[in-house]
Amino acid sequence: MQAAHKRLAVNGHGVSPETPASYYYGEDADMQPPALEEVGEKLKRVGTVEEAVHRVADLVAREATERKQMIGGIDNFWLMLQDVTDFNAACTSVFIMREQVSVETMAEQCIRQAEKFPRYRQKLESVGRLLHGATFVDDPDYNIMNHIHVRRLPEPAGKKELEALVGEFIAEEWDLSRPLWDTIIVENYHDEDGVCAVIAKGHHTLSDGQGFVISQLFLTSYYDDLAQMMDGAADKLSKAKRGQLLPSEYSKSLKPLDPYSANHPLAPLLHVILALLFWLLYVFQTFLSVFLSTYQALRMVSTVLFTFWRVEMVTADQSSKRTPLREFSSSKTFSLQDVKHCQQAFSGPRPGYAVAGVPKDKRRNVKSKIGHVTLNDVVCSVMADVVGNIVASKPAPTTTWGKIRHTANKILPTPIGFFIPISIRQPGDWSMRNLSTGSDVFLKPAPTLSNDISIREIHEHIHKCRRELSLFKHSGWPKFCFHVMQLTGQAPILFPLSWFPKSKENNPLVKFMRKFVVKPFSDACLQSFTAILTNVPGPSKKPITMHGVEVAKWTAIPPQGGTGTIGIGIMSYAGGISIGVSADRVPGSQGVARRVCEEFERRFELYVARAKEVLDHQD
């Protein structure tokens, strides 16, 4: 009976309140009932319900604030890529100055720059987390003089010596514990253009190329014009969405409707119609972009799969670890009028079509309505020839894999792969964020790479490149991928590159995956093209000043990709155009950056000469 009573008691039946606690827990049980004073202390620490709610609300608010401040997925992508591969995420600008620039003046201007663009005085924090992205925070040890350096070149302190210094500057590794930028003032540089040089470098996580250039322009006399232009473009876009622009601003063919757009009874109806047309056209272009981008994506992926294992670089093969050394060079400046000659001569279905029947003195702004050729079409066509010619003239490879690749390329089609960035920065967006995506574009060199190339061959070659670039420009998938990748900034664990960080290489599985899976795959992607090529539209009409000193020449280059790739920047400035090139400095191909520039000069001059022949024939 007593045993039965105990069982009932344990099950909660028929037990009196006076039953001792030891009856339930046992004398030697691990679990003991909480003392009354312990319960009181816990309740005191928890506080009232209202206090607990406030603490939860504060926690949520802090989390929301931190989420808002986290860098985007593209910004974080450069850090992960740098962690896994030998990729150096450096955006670089080189300014040739007409007069000397003092350290004090540069420091004063850079302080103003950091006030406008706070990332210049901030460093990264919480890099490498999986569920939270990194953030930029103010550096308590920030000192402007830690980022401005003065160098002197060895004599004769000319273009060759400056380019060697730029190559060394690009190759320097990044210290993520400090703000991600540096500037060098070269005091004793001198040539026919200037007597001083300023080299600026920023990490790609600091900003994309366009944002970096915008921040550099803040130091110049062009900034006010740029602000007016960008803010004006933002205002114009806003009005276009609401149908409030003049009809002629939508299309010149609608100019007769301009009188009805203001102070007229039909103005409200006209605004509704224009807004409707704007959004209908937007929807149509979106659907067209989806179609074209799908076609372009399929072609690109198939070409990458067909060629990634046999891509030819302009540099010599590197049989072991990638060299840490870099080289740099820039071309001479060509007149933008020469580019216009090429545009007018080669636009349209046949050479000279754009200016046929137009007197010479009225050709200034003539454009072909069919097959108009842009500056990028011309320059990319020339660059495809240049890279193709250098690759074709390389000495026979000495490595086994190089011989296999060389033999395959003699049989199989071998277009030149360029990775071209696409800016999706909205008008009026001044932020230093990565607002760029990009895609591979494969261009074939002209059939004739010698000086004997005919006008007809140049025309056909430019239009083949134009069609490839047009397909690329209207592709929507790179933009879609950009927005998807941006989300990983909130939780880097969503991106596979974050799964195997270098900081955890002591783990055998992480070390194995990095060495045999992640790095080989990443390297293959970074070596699926020969060059990263970007167009940097600078102040194209007249020279600008920096700290009151005229800038004689300006060159900007993007980062390089994988082993052997080159970085090419096309710069429009002060009525001229030039290119800058960075490359690996490899025994057997040293000076290749300079050779690319020299070959570009020669080939571009040939295109201009042929274009003038076409235009002279029209006269």
Place a +1 charge on the Cβ of each Lys and Arg in the chain and a -1 charge on the Cβ of each Asp and Glu, then give the dipole magnitude about the Cα centre in debye, rounded to the nearest 20. 2340
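Within the range 135-168, list the trypsin sites (Lys or Arg not before Pro) lying in a DSSP loop whose Cβ has at most 16 other Cβ atoms in a 10 Å radius. Mind dumping the intermediate values first?
Working: sites: Arg151, Arg152, Lys159, Lys160; in loops: Arg152.
Those that pass, being in a loop and sparsely packed, are Arg152.
Rounded to the nearest 20 debye, what is the charge dipole size of the range 499-608 about its Cα centre when +1 sits on each Lys and Arg Cβ and -1 on each Asp and Glu Cβ? Don't skip to the answer; put the middle values down first.
Numbers: 14 positive and 8 negative charges, 86 e Å.
For the range 499-608, the charge dipole is close to 420 debye.
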Gain on full stretching of the segment that runs from Leu276 to Asp58 - 0.36 nm per residue minus C-alpha separation: 74.0 nm
Note down the nm distance, to one decimal, between modelled labels 7 Å out along Cα→Cβ at Ala408 and at Asp452. 3.2
Which far-off residues, 5 or more places away or on another chain, put their amide H under 5 Å from the one on Ala197, with H placed in the peptide plane? Met97, Val186, Tyr189
Spelling out what I want: for every residue of the range 66-74, take phi, set θ = phi - 60°, compute 6.51 cos²θ - 1.76 cosθ + 1.60 (Karplus), and round to whole Hz; glycine and proline get x. 5, 4, 5, 8, 5, 6, x, x, 5
For the chain, with +1 on Lys and Arg beta carbons and -1 on Asp and Glu, the positive-most of Ser503, Val378, Ala234 along the dipole: Val378
Using Cα centres only, tell me the gap between the range 382-408 and the range 314-349 in whole Å. 17
What FRET efficiency would be calculated for the residue pair Asp193, Arg299, taking the C-beta separation as r and a Förster radius of 35 Å, to the nearest 0.05? 0.25
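Assign unit charges at the C-beta atoms only (+1 for Lys and Arg, -1 for Asp and Glu), then state the dipole size of the range 54-168 relative to its Cα centre in Debye, rounded to the nearest 20.
Working: 15 positive and 18 negative charges, 59 e Å.
Charge dipole, the range 54-168, about its Cα centre: 280 debye, nearest 20.
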Under the Karplus relation 6.51 cos²θ - 1.76 cosθ + 1.60, θ = phi - 60°, what is the ordered set of whole-Hz ³J(HN,Hα) values for the range 103-114, x standing for Gly and Pro? 4, 4, 5, 4, 4, 4, 5, 5, 5, 4, 4, 5
Roughly how many nanometres apart are two label points built 7 Å out from the Cα toward the Cβ at Glu172 and Thr398? 3.3
Hey, can you rank 469-478, 452-461 by average C-beta count inside 10 Å, highest first? 469-478, 452-461
Residue-averaged [θ]222 nm for the chain, counting only DSSP H segments that reach four residues, each worth -39500 (n - 2.57): -14000 deg cm²/dmol
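How do 508-516, 358-366, 537-545 rank on mean C-beta neighbours within 10 Å, highest first?
Values: 508-516: 13.2, 358-366: 10.3, 537-545: 16.2.
Most protected by this proxy first, the peptides run 537-545, 508-516, 358-366.
Please compute the length gained on full extension between Ala609 and Thr105, using 0.36 nm multiplied by the number of residues separating them and subtracting their Cα-Cα distance.
On the way: separation 504, 0.36 × 504 = 181.44 nm, distance 4.40 nm.
Residue separation times 0.36 nm, minus the Cα-Cα distance, leaves 177.0 nm.
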Dipole axis of the chain (+1 Lys, Arg; -1 Asp, Glu on Cβ), positive-most option in Gln285, Pro539, Leu206: Gln285
Cα-projected label distance for His149 with Ala524, points at 7 Å along beta-carbon direction, nm: 3.7
Through the Karplus equation 6.51 cos²θ - 1.76 cosθ + 1.60, θ set to phi - 60°, convert the phi angles of the range 501-507 into ³J(HN,Hα) values in whole Hz; use x for Gly and Pro. x, 5, 5, 10, 5, 5, 7
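Just so you know, all these numbers are worked out from the coordinates, no wet-lab data involved. Note that the coordinates shown come from a computational prediction; the quantities given were computed from them, not determined experimentally. Please note: Cβ atoms are built from the backbone with ideal geometry, for glycine as well, and neighbour counts cover all protein chains shown.
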